[in-house]
Amino acid sequence: MRKDMIRLRPHHLLCTQGYSGNGYSDNFVSNMNEVVERLRTNKDEQIEIVFTTDNLCKSCPSKLSDGICESDSKVLHFDQGVIDALNLKEGTYSYQELISKLDTYLTSGKEDERLKEICGNCNWYPVSACWKNIKTRKYIL
Ligand code: SF4
């Protein structure tokens with residue numbers, strides 16, 4: 001039986017690269033484990049890009065209501081950075097295509113300067129493996 005399509009907001013294309021099992025709550029981690037496992041094991045996964053709360057937000061304690069995150073002042077900026085970098089529109093993409101585009105863009109700068117421009121002020125940035133995984137293409141299928 002076909003699983004529901006994964007809906008992702010743009011900056012979660014980045015978070016899912018560095019994710020290593022830590023998150024905001026047990027529910028959040030359990031849900032993120034499922035989503036990330038699907039992304040990392042199925043290169044044909046189809047993704048619906050949405051400019052609002054998504055499949056990862058749904059189990060997050062910071063989600064206040066549909067479309068509203070208590071960290072919107074930060075996360076909307078992260079989303080916009082990815083939208084601009086990849087020229088994204090809302091709609092369906094193959095995960096492989098999105099990650100290839102992201103990889104090309106992010107590695108076009110000096111070290112992690114492109115990634116830092118988008119989400120360098122995220123609390124996870126100093127402790128997450130985002131850049132290391134992107135640089136070593138750990139999750140590029
Ligand atoms: S609700 Fe906010 S903090 Fe939680 S996963 Fe979504 S964007 Fe991130």
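The values are calculated or read from the model by the stated rules, or taken from the named source; none is laboratory data. Note that the structure is a prediction, hence the values are computed from the model and not measured. Ideal geometry is used to build each Cβ from the backbone, glycine not excepted, and the neighbour counts take in all protein chains shown. All accessible areas refer to the heavy atoms of the entire protein, side chains included, with ligands and DNA or RNA removed. Shrake-Rupley method; radii C 1.70, N 1.55, O 1.52, S 1.80 Å.
Counting other Cβ atoms within 10 Å of each Cβ, which trypsin sites (Lys or Arg not before Pro) in the stretch 40-76 have at most 13 and sit in a DSSP loop?
Qualifying residues, ordered by number: Lys43.
Is it possible to state the helix-based mean residue ellipticity at 222 nm for the chain, with each DSSP H run of 4+ residues giving -39500 (n - 2.57), the sum divided by total residues, to the nearest 500 deg cm²/dmol? What is it?
Value at 222 nm, helices only: -13500 deg cm²/dmol.
Could you check which residue among Gly81, Gly21, Gly120 shows the biggest mean-square fluctuation in a GNM of the chain with a 10 Å Cα cutoff?
Ranking Gly81, Gly21, Gly120 by mean-square fluctuation puts Gly21 first.
Name the lysines eligible as straight-distance cross-link partners of Lys74: C-alpha to C-alpha under 26 Å, and not fewer than 8 places from it in the same chain.
Lys58, Lys63, Lys89, Lys101, Lys110, Lys116, Lys132, Lys135
Could you give me D for the stretch 6-135, from Stokes-Einstein at 10 °C and 1.306 mPa s, where the hydrodynamic radius is the Kirkwood radius over C-alpha pairs? Units µm² s⁻¹, please. Numbers along the way, then the final one.
Values: Rh = 14.8 Å.
So the translational diffusion coefficient is about 107 µm²/s.
Roughly how much of Val127 is accessible, in Å² to the nearest 10, using a 1.4 Å probe?
Val127 has an accessible surface of roughly 110 Å² with all protein chains in place.
Accessible area per residue, 1.4 Å probe, Å², for the chain: what's the number? Working shown, then result.
On the way: 7850 Å² over 141 residues.
That works out to 56 Å² for each residue.
Of all the accessible heavy-atom surface of the chain, with the other protein chains kept in place and a 1.4 Å probe, what percent is carbon and sulfur?
Its accessible area is 48 percent carbon and sulfur atoms.
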